[in-house]
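First the structure, in the form of structure tokens, and then the observations on it.
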Amino acid sequence: MAGLSLMSSTPQAPLPASDPEPRRAPGRRPSPTALHPAEQGLPRLLFDAVLRSYAQVLFSRSRLVGGVLLAATFLSPRVGLCGLLAAALAAGLGLALRLPRTDLREGLYGYNAMLVGLGVGALFEPGAGSLAVLVLGVGAALLGTAAARSLLTGVLALP
């Protein structure tokens, strides 16, 4: 035992400055807000935001569920197109307003706007007027959702 030493005589290489994987306890699932750096690109964020906006209608986070619902809305092409446009517009506007990217990715700001788009597609004939209603409705839904979320989580400290 006299020959064993707790300190190594060889120098250790320094750890890299940025870890590619978020750190977590062994055996634990990653947090839904812990994003891998490869998933932080703009196209991936918009893709996730749109699909998860559809999935949020059924209280799901699954992109698969969102994709199935998106496909189902295209049974009526005008309704499907308006819903898709509304979800994409809400994601883009949310980015422009610098809303939290993790919440955008989860579809939390896009599902009300997507429902507005589906309603516009179902109730209005195509034209400039319906496009204006869609854009204004998406903006109002996004701002209303952001205000309600801020009130409930920030001011009232609800989860």
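Would you point out the residue of segment 61-73, among those that are in contact with a helix residue (DSSP H, G or I) (Cβ under 7 Å, 6 or more places away or on another chain) and not hydroxyl-bearing (Ser, Thr, Tyr), that is surrounded by the most Cβ atoms within 10 Å (Cβ to Cβ)? Result: GLY66. Pick from segment 29-54 the residues that are hydrophobic (A, V, I, L, M, F, W, C) and at pLDDT 55 or above: which of them is farthest from the chain's Cα centre (by Cα)? If we take residues in segment 29-54 being hydrophobic (A, V, I, L, M, F, W, C) and at pLDDT 55 or above, then ALA34 is farthest from the chain's Cα centre (by Cα). Total residues in segment 149-158 satisfying the condition of being farther than 14 Å from GLY94 by Cβ and assigned to a helix (DSSP H, G or I): the figure is 5.
The values are calculated or read from the model by the stated rules, or taken from the named source; none is laboratory data. None of the values given here were measured: they were computed from a predicted structure. Cβ atoms come from the backbone with ideal geometry, glycine included; neighbour counts cover every protein chain shown.
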